[in-house]
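Each value in this text was obtained by applying a stated rule to the coordinates, not by laboratory testing. Keep in mind it's a predicted model, so treat the numbers as computed, not measured. In this analysis, Cβ positions are derived from the backbone assuming ideal geometry, glycine residues included, and neighbour counts consider all displayed protein chains.
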Amino acid sequence: MIVQRFYEPTSAQASYLIGCAATGEAIVIDPNRDVERYIEAAAREGLAVTHVTETHIHADFLSGARELAARTGARLYLSDEGDQDWKYAFAAEGTLIRHGDRIKVGNILVDVVATPGHTPEHITFLITDSAAADRPIAAATGDFVFVGDVGRPDLLERAANIKGTMEKGARVLWKSLQAFNRNEEWLQIWPGHGAGSACGKGISAVPYSTLGYERRFNWAFQVKTEDAFVTSVLAGQPEPPKYFAMMKHLNKVGPRVLGGFHAPPRLDDHRLPSLLATGAIVVDTRPAGVYAAAHLPGTINIPLGGSFVTWAGWLLPYQTDLHFIVDDLTEGSIVELVRQLAFIGFDQIAGIFEARAVQHLAERGAHLATVPQVTVDELATEVKSREAFVLDVRSASEWQGGHIPSATHIPLGYLTDRLAEIPADRPVVVQCQAGARSAIAASVLRRAGRTNVRNLAGGFASWQGAGLPVEMPAAS
């Protein structure tokens with residue numbers, strides 16, 4: 001048996017290629033949209049991708065299962081578990097599988113186990129190398145069991161807005177765990193996510209585990225009663241990004257088959273002013289400090305980096321042409337940008353501008369804007385006088401840990417939905433923990449017409465470091 005794990009750091013997502021060396025067949029579990037990597041890896045091992053499947057309808061990334069099956073001619077297997085509301089709309093393209101079914105990949109046996117709770121249709125795959133053993137060596141658990149955590153059961157309610165599913169899902173998840181716990185201690189756990197994923201609240205960065213280890217050290221296996229589990233699993237879950245609802249929808253109806261990632265057109269500088277004048281979405285991906293020093297009014301600043309995909313998903317609209325200003329115009333860099341955006345369903349990239357376009361337009365007389373920075377001492381004076389409107393764009397848990405007195409809390413991801421709460425007739429100071437998210441927020445506010453916006457240099461960390469007053473939320 002040949003096994004290869006693929007890990008996508010932008011979404012902390014893991015997928016698996018499992019092949020039979022004797023027959024040259026391979027199955028891919030939970031592929032993302034970068035399907036070429038699976039095809040190339042299989043070829044290096046002398047394998048062909050003949051089977052493609054996934055554990056559930058994903059919410060945090062756009063599935064590549066349909067794309068990979070189309071590219072390779074592999075048979076597509078889709079879960080037929082759960083209620084009618086969460087059946088795959090493109091089920092006719094594949095083979096439906098349920099609890100107790102078996103997929104044979106040469107000498108590799110892939111047994112289907114229903115493990116609902118995270119989602120109603122969720123399944124886990126028990127992997128047996130029948131050439132060497134008659135018992136499973138591993139379970140590809142998707143978003144059911146992670147290393148150190150379990151899949152959250154609240155996403156249908158909190159991300160897809162299906163009311164009344166949160167507690168029900170938690171109770172179903174408890175039952176799934178009890179059944180799964182009957183497996184042997186040696187069973188390896190191959191999870192679908194690692195640390196940093198919003199599909200759990202305490203996922204370890206360790207890539208693999210065993211059921212025996214999780215029994216001893218995963219909190220979910222330590223809880224003694226169903227009611228206690230329900231309370232614990234629903235408490236403290238991170239806020240699901242807004243784009244999770246779109247991912248659920250697209251993965252259910254069937255992601256568009258791309259046929260590979262292609263670089264969008266490079267556009268001439270002179271197109272930028274007219275695009276911005278018509279309200280087009282132009283994302284400036286330069287670092288926050290560079291953007292703050294000089295940028296074209298109307299652009300949104302989402303710097304390229306580890307959080308780029310997350311904030312793009314939170315803040316950018318779907319079904320709208322997107323344009324990007326980038327520093328590196330090499331084809332490899334542009335295709336990587338396209339690849340990252342495609343992971344969460346942004347396929348409508350209409351064009352790319354080189355970062356030097358900003359300076360070129362300034363040399364031709366275009367007005368460049370800045371985002372003024374304010375120090376904690378300056379802000380402290382304004383807080384006392386109530387002169388400025390202080391906007392805290394941190395997460396709810398950060399806010400609960402203390403905030404600047406008189407600040408208003410709107411997490412960055414919800415800012416575009418709550419712009420009406422930001423006064424247009426007062427100076428606004430935006431702050432986060434260290435300054436990165438507030439820089440993005442400042443660009444969103446300026447695009448929305450709030451011209452008197454400044455960013456708190458160093459964020460709340462600098463405020464605390466200076467020993468300035470911190471207010472705690474009122475007890476509920």
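The value of relative contact order for the chain, using C-alpha pairs under 8 Å at least six residues apart, is 11 percent.
Arrange the following residues from fewest to most other Cβ atoms within 10 Å of their Cβ: Ile137, Ile57.
On the way: Ile137 17, Ile57 24.
So the ranking, lowest neighbour count to highest, is Ile137, Ile57.
Among residues other than Leu276 with Cβ under 14 Å from its Cβ, the summed charge is 0 (Lys and Arg +1, Asp and Glu -1). When each of Ser385, Ser176, Ser333, Ser15 is scored by the number of other beta-carbon atoms lying within 10 Å, the sequence from fewest to most is Ser385, Ser333, Ser176, Ser15.
When a/c is below 1.5 the answer is rounded, else prolate if a/b is larger than b/c, else oblate, so apply that to the range 1-110 with a ≥ b ≥ c taken from the square roots of the Cα gyration tensor eigenvalues. Could you put the intermediate results ahead of the total?
Details: a/c = 1.81, a/b = 1.26, b/c = 1.44.
Oblate, because a/c is 1.5 or more while a/b does not exceed b/c.
Given +1 at the Cβ of Lys and Arg, -1 at the Cβ of Asp and Glu and no other charges, the dipole of the range 380-437 around its Cα centre is 80 debye to the nearest 20. Gln433 sits among other residues whose Cβ lies under 13 Å from its own Cβ, and their net charge, with Lys and Arg +1 and Asp and Glu -1, is 0. What shape does the range 89-138 have by the C-alpha gyration tensor, where a ≥ b ≥ c are the square roots of the eigenvalues, rounded means a/c under 1.5, and otherwise prolate means a/b greater than b/c and oblate the rest? Here the range 89-138 falls in the oblate category.
Whole-Å semi-axes of the range 308-354's equivalent ellipsoid, largest first, each the root of 5 times a Cα gyration tensor eigenvalue?
Details: eigenvalues 59, 26, 19 Å².
Here the semi-axes work out to 17, 11, 10 Å.
For the range 274-402, DSSP calls about 10 percent of its internal beta bridges antiparallel.
If neighbour count is taken as other Cβ atoms inside 10 Å, put His51, His58 in order from fewest to most.
Values: His51 23, His58 26.
Ordered from fewest to most neighbouring Cβ atoms within 10 Å, His51, His58 come out as His51, His58.
The count of lysine pairs in the chain with alpha-carbon distances below 16 Å, taking only pairs 8 or more places apart or on different chains, stands at 4.
For the range 2-253, the direction-averaged projected area of the alpha-carbon convex hull comes to 12.0 nm².
Summary of packing: across the peptides 448-460, 219-231, the per-residue average of other C-beta atoms within 10 Å ranks them, highest first, as 448-460, 219-231.
Computed from backbone phi with θ = phi - 60° and the Karplus coefficients 6.51, -1.76 and 1.60, the 3J(HN,Hα) list for the range 25-40 is 8, 8, 10, 10, 10, 6, x, 9, 6, 7, 6, 4, 5, 6, 5, 5 Hz; x is used for glycine and proline. The local environment of Gln359, defined by Cβ-Cβ distances under 14 Å, has a net charge of -2 under the rule Lys, Arg +1 and Asp, Glu -1.
Along its three principal directions, the equivalent ellipsoid of the chain from the Cα gyration tensor extends over semi-axes of 43, 29, 17 Å, largest first. In a DSSP loop and with at most 16 other Cβ atoms within 10 Å, the trypsin sites (Lys or Arg not before Pro) in the range 311-400 are Arg364, Arg386.
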